[in-house]
Each structure stands twice: as C-alpha cells, then as structure tokens.
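**Q** Can you keep this structure in mind? I'll have questions shortly.
The values are calculated or read from the model by the stated rules, or taken from the named source; none is laboratory data. Just so we're clear, the structure is a prediction, and the values are computed from it rather than from any experiment. Virtual Cβ from ideal backbone geometry, glycine too; neighbours counted across all protein chains shown. Accessible surface areas use protein heavy atoms only, side chains included; no ligands, DNA or RNA. Shrake-Rupley method; radii C 1.70, N 1.55, O 1.52, S 1.80 Å.
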Amino acid sequence: MPEFHFYEPSKGHGLPHDPFKAIVAPRPIGWISTRDAEGRVNLAPYSFFNAVCDRPPMVMFSSSGWKDTVANIKATGEFVCNLVTRPLAEKMNQTSAALPHGVNEFEFARLAAAPSRIVMPPRVAEAPAALECKLVEIVQLHAAGGSVLDQYLTIGEVVGVHINRAYLREGIFDLLATHPVQRAGYTADYTEATTGFQMERPKLLAADQ
C-alpha cells in the first residue's frame, strides 16, 4: 500500500503550497470577453471554467469576488468565451493584470477584436474558436456549513459558435492542432495539449451474457 498525505482543507494542508488546484487539473481557461452597460470592453481569463451541458450547450465559470466580468454580464446578459492556445498564452496572461476599471484589455494586450454575430461583446480575432453566450444564471456560492462566500458562479447558454476553418478536418474540429492551453496547478503552471487517444465506450452486454 502506498503512503498517502491526508488533510482537511478547513484545518490546513501542511504543505508548502495548497495542492488543490494541482490535483483538479488541467483545467480549461475561460477567456471571457464582455461589455459593460456603457459599451466598454473587458477581457479576462478564469481558471475555473468548463462545459456543463450540451442540449442546449452551456458553459460556466467561477469568479473569486464580484469582478468586472461578472458585473458586466449581470448588466448586459451576454459574454464570449475565447479558446486559449499556446500562441496566445502570453497575451492571455497579460489580460489577467489588475488594470484600472474601464481599461480595454484588448488594447492593453494588443489583441484584435472581432465582432460577434448575436451578442454585443467582441471575440478575440486570433482565437481558433469562440462561444457567444447568453446569461442563464449567476449563483453566489455557499459553503457546506451555510456561510455565504464571495464567490460567483456564472452559467451561460451558447447561442453562437465561431470556428476557424483552418482547424476543421473533414468536418471535425482538430483541437490538438490549435495547441490548447490549460491551467495546471500553482500560480504560474500551465499545460499545452499536444497528444490525444481514443477509447470507445463499452457496449451494454445482453442479460444472458
């Protein structure tokens, strides 16, 4: 039997750094573009992001604190998720800077903004794929004991999808060809997906087998 380090998060982990984000990894990056009620653009990455439903398609991201992204979505009901790839990783990281309210992260990171088709926020023109979303719900999270947290879960329905045709191979989106980037662990840790494999789902056996 291997020896395990066990800890209860409420009592501390007893390690040099909190391993939680390293265990739940790699995680897709939600690179979220929004507009506020006055039309000012915001672009920010979120490391707690994923798909939560496919009929209709929905995505979610979680924000630590009521940040501009969440406030903008609350005000307008719209946002765009942009795919982060290795060629865009450094610019994505620049958009995580704590800039003054109202500063355009597209301009700060020297990113081109492309118009969306259904929602008002622009998408990152260089991103190989982008998801236009309409707000479904913003949920303020609670701890298991009932205490209210300064953490906000935003769920959006995907109402429009942009795919760079260069990454369509016989009608299939070639994700690995885009060199997608994910968060993986501690403050500066990322991964780049370069290989994949396939497994067929097991078939249901007949009752008499």
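**Q** Does Met120 fit the bill of being closer than 22 Å to Thr95 by Cβ and either over 19 Å from the mean Cα position of the chain (by Cα) or of a type in the set (A, V, I, L, M) (or both)?
**A** Working: closer than 22 Å to Thr95 by Cβ: yes; either over 19 Å from the mean Cα position of the chain (by Cα) or of a type in the set (A, V, I, L, M) (or both): yes.
Yes: the conditions hold for Met120.
**Q** Here's another thing I want to ask about it. Identify all residues within the range 45-68 that are more than 10 Å from the chain's Cα centre (by Cα), in contact (Cβ under 8 Å) with a residue 60 or more places away in the chain and open to solvent by less than 60 Å² (accessible area, probe 1.4 Å); write none if there are none. Please lay out each step first, then the result.
**A** Filtering the range 45-68 for residues more than 10 Å from the chain's Cα centre (by Cα) gives 52-58, 63-68.
Now narrow it down to the ones that are in contact (Cβ under 8 Å) with a residue 60 or more places away in the chain: 52, 56-58, 63-66.
Once the filter is applied, which keeps residues that are more than 10 Å from the chain's Cα centre (by Cα), in contact (Cβ under 8 Å) with a residue 60 or more places away in the chain and open to solvent by less than 60 Å² (accessible area, probe 1.4 Å), the range 45-68 yields Pro56, Pro57, Met58, Ser63, Gly65.
**Q** Also: Which of the residues belonging to the range 114-128 are surrounded by fewer than 15 Cβ atoms within 10 Å (Cβ to Cβ) and basic (Lys, Arg)?
**A** Result: Arg117, single match.
**Q** Taking the stated definitions as given, is Asn72 of a type outside the set (A, V, I, L, M, F, W, C), in contact (Cβ under 8 Å) with a residue 60 or more places away in the chain and touching a Ser or Thr at 6+ places or on another chain (Cβ under 7 Å)? If you could, list the steps in order and put the result at the bottom.
**A** On the way: of a type outside the set (A, V, I, L, M, F, W, C): yes; in contact (Cβ under 8 Å) with a residue 60 or more places away in the chain: no; touching a Ser or Thr at 6+ places or on another chain (Cβ under 7 Å): yes.
When the stated conditions are applied, Asn72 does not pass them.
**Q** While we're looking at this one, here's another question. Looking at the range 19-40, is at least one residue on the phi > 0 side of the Ramachandran plot, part of a loop (DSSP other than H, G, I, E, B) and surrounded by fewer than 21 Cβ atoms within 10 Å (Cβ to Cβ)?
**A** Residues of the range 19-40 that are on the phi > 0 side of the Ramachandran plot, as a first pass: 39.
Filter once more, so that each one left must be part of a loop (DSSP other than H, G, I, E, B): 39.
Next, from what is left, pick out any that are surrounded by fewer than 21 Cβ atoms within 10 Å (Cβ to Cβ): 39.
Checking the range 19-40: at least one residue is on the phi > 0 side of the Ramachandran plot, part of a loop (DSSP other than H, G, I, E, B) and surrounded by fewer than 21 Cβ atoms within 10 Å (Cβ to Cβ).
**Q** Quick one: what pairs do we get from the range 167-193, first residue under 20 Å from Gln94 (Cβ atoms), second open to solvent by less than 60 Å² (accessible area, probe 1.4 Å) and part of a helix (DSSP H, G or I), C-beta under 6 Å, 6+ apart or different chains?
**A** Thr178/Tyr167; Val181/Ala89
**Q** Kindly establish whether Pro122 is within 18 Å of Asn42 (Cα to Cα) and touching a strand residue (DSSP E or B) at 6+ places or on another chain (Cβ under 6 Å).
**A** Numbers: within 18 Å of Asn42 (Cα to Cα): yes; touching a strand residue (DSSP E or B) at 6+ places or on another chain (Cβ under 6 Å): yes.
Yes: the conditions hold for Pro122.
To keep it simple, each residue is scored yes or no on (1) open to solvent by less than 50 Å² (accessible area, probe 1.4 Å); (2) farther than 24 Å from Glu90 by Cβ; (3) at pLDDT 95 or above; (4) not in a loop (DSSP other than H, G, I, E, B).
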position	(1), (2), (3), (4)
Pro2	no, yes, yes, no
Tyr7	no, yes, yes, no
His17	no, no, no, no
Leu43	yes, no, yes, yes
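**Q** Determine whether the range 129-137 contains at least one residue that is among the aliphatic types (A, V, I, L, M), modelled with pLDDT of 95 or more and either touching a helix residue (DSSP H, G or I) at 6+ places or on another chain (Cβ under 6 Å) or surrounded by fewer than 16 Cβ atoms within 10 Å (Cβ to Cβ) (or both).
**A** yes
**Q** Could I ask something else about it? Could you figure out which of (1) over 21 Å from Ser64 (Cβ atoms); (2) surrounded by fewer than 17 Cβ atoms within 10 Å (Cβ to Cβ); (3) of a type in the set (A, V, I, L, M); (4) within 19 Å of the chain's Cα centre (by Cα) isn't true of Leu141?
**A** (1) is the only condition that Leu141 fails.
**Q** So, one more: Can you tell me which residue in the range 83-110 is surrounded by the fewest Cβ atoms within 10 Å (Cβ to Cβ), limited to those that are more than 18 Å from Asp36 (Cβ to Cβ) and in contact with a Lys or Arg (Cβ under 8 Å, 6 or more places away or on another chain)?
**A** Of everything passing the filter in the range 83-110, Arg110 is surrounded by the fewest Cβ atoms within 10 Å (Cβ to Cβ).
**Q** Taking only the range 154-201 into account, find how many residues are touching a strand residue (DSSP E or B) at 6+ places or on another chain (Cβ under 8 Å), in a strand (DSSP E or B) and either open to solvent by 40 Å² or more (accessible area, probe 1.4 Å) or of a type in the set (Lys, Arg) (or both).
**A** Selection size over the range 154-201: 9.
**Q** Among the residues of the range 94-136, write down those that are among the acidic types (Asp, Glu) and closer than 20 Å to Pro57 by Cβ. Show your work before the answer.
**A** In the first step, residues of the range 94-136 are kept if they are among the acidic types (Asp, Glu); the result is 105, 107, 126, 132.
Matches in the range 94-136: Glu132 only.
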